[in-house]
Amino acid sequence: MTDDVLIDKRDGLGLIRLNRPKAINALNHPMALAMTAALRDWHDDDEVRAVVVTGEGDRGLCAGGDIVSIYHDAQDNGSGSADFWRDEYILDALIARYPKPYVVVMDGIVMGGGVGISAHGSDRIVTERSKIGMPEVGIGFVPDVGGTLLLAQAPGELGTHVALTTARMNAGDAIACGFADHYVPVADVPALLEALAEQSVEQAIGKFAVALPESELVAQQSWIDECYSADTVEEIVARLQAHAEPKAAEAAAQILAKSPAAVKVALRSLRNARDAASLEEVLNEEYRVSLACLKSHDLVEGIRAQVIDKDRNPQWSPANLEEVSDSHVEAYFADLGELELGLAAPDSTVEGTR
């Protein structure tokens with residue numbers, strides 16, 4: 001269907017390899033559709049006992065979605081991004097509910113949409129090169145692809161810190177925060193992939209997984225929980241600025257540099273996700289928020305500043321937190337009517353992402 005993702009079946013494995021190394025395997029619409037088609041084909045295929053997902057090149061599994069195309073789509077009032085997100089979120093839900101082992105190597109950079117196609121899987125492997133995050137508020141967007149649920153389910157307020165500052169998680173952080181399961185040194189990944197063709201997933205991973213590295217985030221959880229448990233971004237920033245921990249002041253500065261509207265919407269999204277009954281419910285809400293972002297000033301301006309002109313000087317509107325009203329935030333969550341994503345969990349059981 002597309003050369004941007006290579007799909008194969010052999011040795012009892014369904015193999016998916018993202019193949020845009022120059023773009024750090026950034027996900028586009030044809031790639032999402034091809035992955036969905038493959039997973040559906042393999043769902044009841046007795047010749048496939050497990051799915052294995054990797055990325056071409058050594059820079060990362062997936063740097064996220066193609067934000068340049070989102071930029072042009074937003075400028076042109078197009079529907080391409082909405083169509084892509086719809087199919088992307090359907091793919092994320094499919095991965096989370098997949099009945100067979102879904103093994104993904106989260107080596108290198110794994111951001112945004114890359115998290116969606118990896119962190120909802122059953123067997124998530126990180127390496128010493130892994131850098132995982134949800135950096136959306138830095139471009140006037142809000143964490144999506146089920147990321148708000150993953151962040152909300154992280155211990156204490158670690159997920160809130162990651163979302164509002166766009167902090168990157170290393171391997172230890174990712175495992176501690178529930179984004180990954182196993183740590184395998186990158187030098188052993190080729191041997192692991194070979195072993196998966198000969199052994200069960202549990203046996204192969206058990207052979208190469210080593211002791212978990214320490215989590216820098218967990219070491220800081222005391223002040224993070226204390227500051228981020230507030231109900232508003234303004235109070236979170238005030239607590240961070242007043243705290244004796246130097247890293248807290250750094251976090252406050254990072255938050256204040258992001259889109260004020262996006263960080264407020266992101267906090268609301270995370271708090272809502274904590275009470276959600278299923279991943280599908282979260283994805284439905286994220287879709288509403290994503291479409292609202294597409295029409296906003298800050299998404300176009302954020303991508304312009306970071307990727308198009310690269311001046312790193314976005315002019316946010318509203319310009320500060322105090323100018324972002326409750327009604328402004330609430331508008332991002334408005335019902336879409338006939339445009340609703342409309343995903344439903346298989347049953348009424350309260351479930352997470354896996």
Can you give the angle from 0 to 90° between the axis of helix 279-294 and the longest principal axis of the chain, with both taken from C-alpha atoms, to the nearest 10?
-> 50
Which of these, Gly337, Gly133, Gly178, has the largest mean-square fluctuation under a Gaussian network model of the chain (Cα springs below 10 Å)?
-> Gly337
Before anything else, pin down the relative contact order of the chain: Cα pairs under 8 Å, at least 6 apart, normalised by residue count, whole percent.
-> 16
A chain fully extended from Asp83 to Ala37 at 0.36 nm per residue, minus the present Cα-Cα distance, gains in nm 14.9 nm
Could you calculate the FRET efficiency of Ala319 with Asp8 from 1/(1 + (r/R0)^6), where r is the beta carbon distance between them and R0 is 51 Å, rounded to 0.05?
-> 0.50
Relative to the longest principal Cα axis of the chain, at what angle does helix 80-96 sit, 0 to 90 degrees, rounded to 10?
-> 60
So what are region 116-169's ellipsoid semi-axes, whole angstrom, largest first, if each one is the square root of 5 times an eigenvalue of the alpha-carbon gyration tensor?
-> 18, 13, 12
Counting only heavy atoms of the protein chains, get the accessible area per residue of the chain (1.4 Å probe) and round it to a whole Å² value.
-> 41
If each Cα of region 205-354 is one equal point scatterer, what is log10 of I(q)/I(0) from the Debye formula at q = 0.10, 0.11, 0.13 Å⁻¹?
-> -0.49, -0.59, -0.80
Given the convex hull over the Cα atoms of region 285-354, what projected area results after averaging over all orientations, in nm²?
-> 7.3
Residue-by-residue Karplus 3J(HN,Hα) for region 68-74, coefficients 6.51, -1.76, 1.60, Hz, glycine and proline x | 5, 5, 5, 4, 5, 5, 5
Based on the alpha carbon coordinates of region 58-179, what radius of gyration and maximum Cα-Cα distance (Dmax) apply, in Å?
-> 14.1, 41
With a point put 7 Å past each Cα toward its Cβ, work out how far Leu256 is from Lys310 in nm, to one decimal.
-> 2.9
Can you pull the one-decimal nm distance between simple spin-label points at Arg271 and Arg49, each 7 Å off the Cα toward Cβ?
-> 4.9
Can you run phi through the Karplus equation (6.51, -1.76, 1.60; θ = phi - 60°) for region 39-55 and list ³J(HN,Hα) in whole Hz, with x for Gly and Pro?
-> 4, 5, 5, 7, 3, 10, 8, 5, 7, 10, 9, 7, 10, 10, 10, 9, x
In whole angstrom, largest first, the equivalent ellipsoid semi-axes that the Cα gyration tensor gives for region 5-128 are 24, 17, 12
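At 1.4 Å probe size, put Val104, Val186 in order of accessible surface, largest to smallest.
Val186, Val104
Kirkwood hydrodynamic radius, computed over distinct alpha-carbon pairs, for the chain: how many Å, to one decimal?
Across the chain, the inverse of the average 1/r is 20.4 Å.
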For region 227-285, with equal point scatterers placed on the C-alpha atoms only and solvent neglected, what are the log10 I(q)/I(0) values from the Debye formula at q = 0.12, 0.17, 0.18, 0.30 1/Å, to two decimals?
-> -0.35, -0.61, -0.66, -1.17
Fully extended, how many nm does the chain gain between Glu226 and Ala334 (0.36 nm per residue separation, minus their Cα-Cα distance)?
-> 35.7 nm
Roughly speaking, to the nearest percent, how much of region 1-132's 1.4 Å accessible area is carbon and sulfur?
-> 47
Distant-in-sequence amide H partners of Gly65 (H built 1.01 Å from N, under 5 Å) | Leu27, Gly113, Gly114
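The values are calculated or read from the model by the stated rules, or taken from the named source; none is laboratory data. Just so we're clear, the structure is a prediction, and the values are computed from it rather than from any experiment. Using ideal geometry, Cβ is built from the backbone for each residue, glycine included, and neighbour counts are taken over all protein chains shown. Keep in mind that these areas ignore ligands, DNA and RNA; they rest on the heavy atoms of the full protein, side chains included. Shrake-Rupley method; radii C 1.70, N 1.55, O 1.52, S 1.80 Å.
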